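The values are calculated or read from the model by the stated rules, or taken from the named source; none is laboratory data. Predicted, not measured: the structure shown is a model, and the values here were computed from it. Quick reminder, even Gly has a Cβ in these numbers, built from the backbone with ideal geometry, and neighbours come from all protein chains shown. Remember, those area values only see protein heavy atoms, side chains included, never the ligands or the DNA or RNA. Shrake-Rupley method; radii C 1.70, N 1.55, O 1.52, S 1.80 Å.
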Amino acid sequence: MRDTSDETGTLLTRFAKHIAIDRYKCEEHVLPPTKIRYSDYYPITDEHYFRRSVQQTDASQLPALIIHTSSYRSNAVPAMYAKALNVLDAHATAQLDKMDVSTVLETLYAFLFLIPNWLRRIDFYHAAMRRLVQEAAGSKQRFLQICFYLGLQKQNQQTDLETLLATQLGKHLANLNPLDLALVSNAAYKTSTLVTGEVRQAYEDALVDATLNLKLDGDSVPDDSLLVCYVKALRFQRVHDERICQHLQSICLEQTQLTKLQPRGLAHIFAYFAEMQWDEPECMQALVERLLSFNPGELRAKDVSTFLWGCAQLNCNLTAEQLRKLEVFALRKLNNGEYDRFPDQLVDACLSLVILGHHSKQLFDGAEELKAAQRQRQRAQPKVDSRLTVLRSAVAIEHPDWTDVKTKQAFKELARAPAYLLSQREDLTAYANQLSADAEVEGVDLVCPIAGINLPSLRVQTQGEQASIYFIELLTPQQTLKFSRSATSLLRLKRRLLEALGQRVVLLHSGEMASNAQALQQLLEQTATAKKELKQAAQGLNN
């Protein structure tokens with residue numbers, strides 16, 4: 001009863017107002033005049049009389065009756081109000097076949113106005129969606145309304161919206177304004193519907209153009225929510241365009257524009273930078289400082305996990321104080337129960353902190369407990385659970401007293417890399433053959449030595465006076481950050497864990513490969529010298 005249309009999310013309210021105004025531009029949207037009165041139904045003195053009155057109401061008058069119910073709400077007894085909603089829902093569902101498409105959409109909007117966050121829980125919503133998907137052809141306004149309502153149901157069948165977008169989006173795409181495009185993109189994102197087929201390229205081009213043309217310097221129109229809609233859609237469609245990064249970077253470096261963005265929007269922007277390996281130092285520093293300026297209560301548990309993942313992926317240079325602050329953020333979310341339903345987000349947060357060099361036993365224990373409870377309720381998720389395996393391996397090697405996992409379980413020196421990991425790594429197999437031809441090399445193996453980290457390495461064993469074993473990590477462009485040219489998060493963690501075990505690790509880019517065992521030794525010595533100098537410089541700064 002307290003859930004009114006003014007208390008819903010701002011984006012939902014904005015889209016709802018947009019379709020409410022836009023629907024009257026549709027020539028097909030013609031409704032009969034209202035013939036019923038409030039006093040014919042409310043207040044309810046006799047439940048049975050009310051039910052008979054509703055059942056005698058014509059289908060075309062139902063939208064007006066539902067709107068009248070919003071006036072009754074403030075004075076209603078809760079139990080009676082709930083019964084009134086059920087009666088309206090049942091009659092609307094029964095009358096659906098007698099409604100034309102305009103009346104169906106008008107009834108949906110009336111229910112949205114009355115119970116915005118509960119719309120998808122009524123029977124009429126689901127019945128109306130099945131009807132509208134079959135009769136989607138029509139004007140742009142009708143197409144937008146159907147997209148909006150389909151996007152409200154996150155658990156909806158993807159095929160409904162997917163079919164609608166595949167058949168209708170191409171017809172209306174050229175006529176969509178920025179708000180229209182955001183509405184469609186938000187619906188696709190919320191229902192995990194990928195836009196495919198012939199319209200995909202045109203849709204992605206429209207997203208890129210809309211993002212690049214969006215400015216946050218105006219005070220009248222709050223375009224920050226539209227920007228976040230576009231960024232989410234670009235991430236979901238896997239559109240990688242450096243022009244988007246440059247545009248987002250210009251926003252992040254402008255303090256007045258950066259402060260307009262909400263935490264969840266900043267998290268999506270940060271994640272887009274991470275997916276693009278865009279580690280421009282000044283931009284990263286501005287984002288980190290802005291996100292750390294929020295109170296823990298202003299951030300969702302998901303935002304904290306995404307923020308930490310972005311920091312780990314982009315190798316952000318965080319101080320010990322900042323890392324401790326982020327740990328406290330995650331611990332508060334854990335203690336408040338915000339990770340109870342989403343333990344994988346806690347695993348991600350904990351693993352990201354480990355990659356950044358910060359271990360938290362409380363977070364690790366919490367992740368183990370929540371994942372154990374999840375396994376009792378749900379089926380196994382091998383792909384998702386692999387991140388927990390990586391976390392356990394890191395803890396077993398760097399803090400063996402925290403876990404029952406033994407170091408020999410985490411480190412398997414001769415574990416062969418599966419064939420599917422090598423199918424697109426011709427550079428790695430070619431380099432293995434090249435090194436095998438060297439007289440000083442006794443053997444080369446393609447291995448995955450750290451449990452859970454499915455990134456193949458070359459294990460090179462040399463012979464002679466300086467017989468040694470090397471692990472070679474060959475970086476591809478997809479595993480290299482754009483500006484620093486350093487490795488992405490899992491490769492950096494893998495190298496650190498191998499070195500913690502006393503192994504020799506050589507990190508090479510695909511175009512800078514050592515051709516023989518002697519060159520490998522020289523590279524290893526150069527790396528060791530550089531690390532020693534960096535450690536001495538850091539110690540000097542601390543002093």
Quiz item: Can you pull out the residues in region 214-239 that are surrounded by fewer than 13 Cβ atoms within 10 Å (Cβ to Cβ) and at pLDDT 90 or above?
Solution: 238
Exercise. Check residue 335 against each of (1) open to solvent by 20 Å² or more (accessible area, probe 1.4 Å); (2) in contact with a Cys (Cβ under 9 Å, 6 or more places away or on another chain) and name the one condition it does not meet.
Key: (2)
Practice problem: Output the number of residues of region 397-443 satisfying the condition of being among the charged types (D, E, K, R), assigned to a strand (DSSP E or B) and at pLDDT below 90. | Solution: 1
Quiz item: For residue 446, are the conditions met, namely being assigned to a strand (DSSP E or B) and farther than 27 Å from residue 276 by Cα?
Solution: yes
Practice problem: Please specify each residue of region 275-289 satisfying the condition of being buried (at least 17 other Cβ atoms within 10 Å of the Cβ), more than 20 Å from the chain's Cα centre (by Cα) and in a helix (DSSP H, G or I). | Solution: 283, 286
Quiz item: Mind checking whether some residue in region 235-252 is among the acidic types (Asp, Glu) and either touching a strand residue (DSSP E or B) at 6+ places or on another chain (Cβ under 7 Å) or closer than 24 Å to residue 203 by Cβ (or both)?
Solution: yes
Practice problem: With the condition kept exactly as written, say whether any residue in region 306-314 is open to solvent by 40 Å² or more (accessible area, probe 1.4 Å), closer than 21 Å to residue 388 by Cα and assigned to a loop (DSSP other than H, G, I, E, B). | Solution: no
Exercise. Kindly indicate the residue of region 175-189 that is within 14 Å of residue 237 (Cβ to Cβ) and surrounded by fewer than 23 Cβ atoms within 10 Å (Cβ to Cβ) and also farthest from the chain's Cα centre (by Cα) among those meeting that condition.
Key: 181
Exercise. Report the residue count in region 456-476 for those that are open to solvent by 40 Å² or more (accessible area, probe 1.4 Å) and closer than 19 Å to residue 432 by Cα.
Key: 4
Quiz item: Identify, please: which residue in region 63-89 is open to solvent by 60 Å² or more (accessible area, probe 1.4 Å) and either hydrophobic (A, V, I, L, M, F, W, C) or assigned to a helix (DSSP H, G or I) (or both) and is, among those, farthest from residue 119 (Cα to Cα)?
Solution: 77
Quiz item: Across region 24-61, what is the number of residues that are part of a helix (DSSP H, G or I) and either under 22 Å from residue 118 (Cβ atoms) or at pLDDT 80 or above (or both)?
Solution: 15
Quiz prompt | Residue in region 82-98 that is among the polar types (S, T, N, Q), at pLDDT below 90 and either closer than 30 Å to residue 193 by Cα or out of contact with any strand residue (DSSP E or B) (no Cβ under 6 Å at 6 or more places or on another chain) (or both) present | solution = no
Practice problem: Report yes if residue 349 is assigned to a helix (DSSP H, G or I), open to solvent by 20 Å² or more (accessible area, probe 1.4 Å) and of a type in the set (A, V, I, L, M), otherwise no. | Solution: no
Quiz item: Between residues in region 138-150 that are more than 18 Å from residue 192 (Cα to Cα) and open to solvent by less than 10 Å² (accessible area, probe 1.4 Å) and residues that are of a type in the set (S, T, N, Q) and part of a helix (DSSP H, G or I), which pairs lie under 9 Å by C-beta distance while being six or more apart or on different chains?
Solution: 143/168
Exercise. Considering each residue of region 151-197, count those that are without any contact (Cβ under 8 Å) to a residue 12 or more places away in the chain and within 16 Å of residue 19 (Cβ to Cβ), and give that number.
Key: 1
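So that you can scan it fast, the table gives a plain yes or no per residue for (1) part of a helix (DSSP H, G or I); (2) modelled with pLDDT under 90; (3) out of contact with any Asp or Glu (no Cβ under 9 Å at 6 or more places or on another chain):
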| position | (1), (2), (3) |
| --- | --- |
| 325 | yes, no, yes |
| 328 | yes, no, yes |
| 337 | no, no, yes |
| 357 | no, no, yes |
| 376 | yes, yes, yes |
| 379 | no, yes, yes |
Quiz item: Being in contact with a Ser or Thr (Cβ under 6 Å, 6 or more places away or on another chain), open to solvent by less than 20 Å² (accessible area, probe 1.4 Å), outside any loop (DSSP other than H, G, I, E, B) and closer than 20 Å to residue 330 by Cα, is that true of even one residue in region 257-274?
Solution: yes
Practice problem: Scan region 406-424 for residues that are surrounded by fewer than 18 Cβ atoms within 10 Å (Cβ to Cβ) and in contact (Cβ under 8 Å) with a residue 24 or more places away in the chain and report the count. | Solution: 10
